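Visitor: Supplied in structure tokens, the structure appears directly below.
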Amino acid sequence: MPLEAGLLEILACPACHASLEERDAELVCTGQDCGLAYPVRDDIPVLLVDEARRPE
């Protein structure tokens, strides 16, 4: 289920403060040097760096 329309506009990556984009069940940082992917569980973004998946 997609996140609310205005939510992505106000969320930012906790590590580098770049914007996030929704891909599958994750929010992926758009920062060129960051790229962390944060999980979305039960329609709630988990924006904890310790929970994020590193870029491949």
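The values are calculated or read from the model by the stated rules, or taken from the named source; none is laboratory data. Values in this document were obtained by computation on a predicted structure and should not be read as measured data. Because the Cβ atoms are built from the backbone with ideal geometry, glycine has one as well, and the counts that use them run over all protein chains shown. SASA here: full protein model, heavy atoms, side chains in, ligands and nucleic acids out. Shrake-Rupley method; radii C 1.70, N 1.55, O 1.52, S 1.80 Å.
Visitor: Hey, can you tell me all the residues within the range 1-30 that are among the charged types (D, E, K, R) and surrounded by 14 or more Cβ atoms within 10 Å (Cβ to Cβ)?
Guide: 22, 26
Visitor: Would you point out the residue of the range 35-56, among those that are hydrophobic (A, V, I, L, M, F, W, C) and either part of a strand (DSSP E or B) or in contact with a Leu (Cβ under 6 Å, 6 or more places away or on another chain) (or both), that is least open to solvent (accessible area, probe 1.4 Å)?
Guide: Once the filter is applied, the top-ranked residue is 37.
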